[in-house]
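Visitor: Here you go, one structure.
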Amino acid sequence: MPLEIREMITPGHENAFTVGARKPDASLADLPAAHRALLEDEKAVTAVLATTNANGRPQLTPVWLSHDGSHINLNSARGRLKDRNLRARPMATMLVMNPEDPYHWMSIDGVVEKIIDEDDPEFGHLATENIDALAKKYLGTTPYPLRNHGEVRVLYKVRPTRVLTFGPAEG
């Protein structure tokens, strides 16, 4: 479904913007259609991923993401800071903001339930397939063209534990 944006009045004017109710949702399937559209393939929305560093401070990274209906799928390279953080402290928060309407966003808290390294003989192909699908969605090309030599991709399956939406529930 294509993402529909409500027309906004510029800030500083009466009724400058319209927002929907701020409420928690039970699962990805329960999201309002306009928020679910932020995760779909029709719109490549970059999210901000928050992980926790060893010293307890947050680490923020822009990420590409997809979902399978029950899990958010993230992909990185083994050894990067977010990889080390997610392995040591398997909690993540993502902020997905509509690039055309900053008052239409959702925050997703989750737990990493599965980490799949690309060199795993049984399931590693899933990490490769995921990064290639993300490259198609975000770059319009496949296979993923930005690999470093010797890089091992990693797929993280994040089960949402809380989803908070803000903004219009319908387009």
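Just so you know, all these numbers are worked out from the coordinates, no wet-lab data involved. Remember, it's a predicted structure, so these values are computed and weren't measured experimentally. Don't worry about glycine lacking a Cβ; one is built from the backbone with ideal geometry, like all the others, and counts go over all protein chains shown.
Visitor: Over all distinct Cα pairs, what is the inverse of the mean 1/r for the range 121-171, reported as the Kirkwood hydrodynamic radius in Å? It would help to have the intermediate numbers written out before the result.
Guide: Values: mean 1/r = 0.0737 Å⁻¹.
Result for the range 121-171 stands at 13.6 Å.
Visitor: Next up: Tell me, what is the FRET efficiency for Leu95 and Lys136 to the nearest 0.05, using R0 = 22 angstrom and their Cβ-Cβ distance as r? List each step's numbers first, then the result.
Guide: Working: r = 23 Å, r/R0 = 1.07.
The formula returns an efficiency of 0.40 here.
Visitor: Grab the Cα-Cα distance for Arg78 and Glu42, subtract it from 0.36 nm times how many residues apart they are, and report the gain in nm with one decimal.
Guide: 10.1 nm
Visitor: Could you calculate the FRET efficiency of Glu122 with His149 from 1/(1 + (r/R0)^6), where r is the beta carbon distance between them and R0 is 25 Å, rounded to 0.05? Mind dumping the intermediate values first?
Guide: Working: r = 25 Å, r/R0 = 0.99.
Efficiency for this residue pair is about 0.50.
Visitor: Quote the relative contact order of the range 46-171 in percent (integer), defining contacts as alpha-carbon pairs under 8 Å separated by 6+ residues.
Guide: Relative contact order of the range 46-171: 29 percent.
Visitor: Given the peptides 66-76, 52-62, arrange them by the average over their residues of other C-beta atoms within 10 Å, most packed first.
Guide: Numbers: 66-76: 18.3, 52-62: 11.1.
Descending mean neighbour count gives 66-76, 52-62.
Visitor: Within 10 Å of each candidate Cβ there may be at most 12 other Cβ atoms; applying that plus a DSSP loop requirement, which chymotrypsin sites (Phe, Trp or Tyr not before Pro) in the range 94-143 survive?
Guide: Values: sites: Tyr103, Trp105, Phe123, Tyr138; in loops: Tyr103, Phe123.
Passing both the DSSP loop test and the Cβ count: Phe123.
Visitor: Report ³J(HN,Hα) in whole Hz for each residue of the range 97-110, in order, from the Karplus equation J = 6.51 cos²θ - 1.76 cosθ + 1.60 where θ = phi - 60°; Gly and Pro get x.
Guide: Coupling constants for the range 97-110: 10, 4, x, 9, 7, x, 9, 10, 8, 8, 10, 10, 8, x Hz.
Visitor: Compute for the range 77-119: radius of gyration divided by Kirkwood radius, i.e. Rg/Rh, restricted to C-alpha atoms, rounded to two decimals.
Guide: Numbers: Rg = 13.5 Å, Rh = 12.2 Å.
Rg/Rh: 1.11.
Visitor: Which distance in nm do the two modelled labels at Ser70 and Val111 give, with both placed 7 Å along the Cα-to-Cβ direction?
Guide: Rounded to a tenth, the inter-label distance reads 1.4 nm.
Visitor: With equal scatterers on the alpha carbons only and no solvent term, can you work out the Debye log10 of I(q)/I(0) for the range 23-166 at 0.12 1/Å?
Guide: Result of the Debye calculation: -0.47.
Visitor: Right, here's the next one. Give the Debye-formula value of log10 I(q)/I(0) at each listed q (0.14, 0.15 Å⁻¹), with one equal scatterer per alpha carbon of the range 38-101, two decimals each.
Guide: Rounded to two decimals, the profile gives -0.42, -0.48.
Visitor: In sequence order, what are the phi-derived ³J(HN,Hα) couplings for the range 80-85 according to the Karplus relation 6.51 cos²θ - 1.76 cosθ + 1.60 with θ = phi - 60°, rounded to whole Hz, with x for glycine and proline?
Guide: Whole-Hz 3J(HN,Hα) from phi for the range 80-85: 5, 4, 5, 5, 4, 5.
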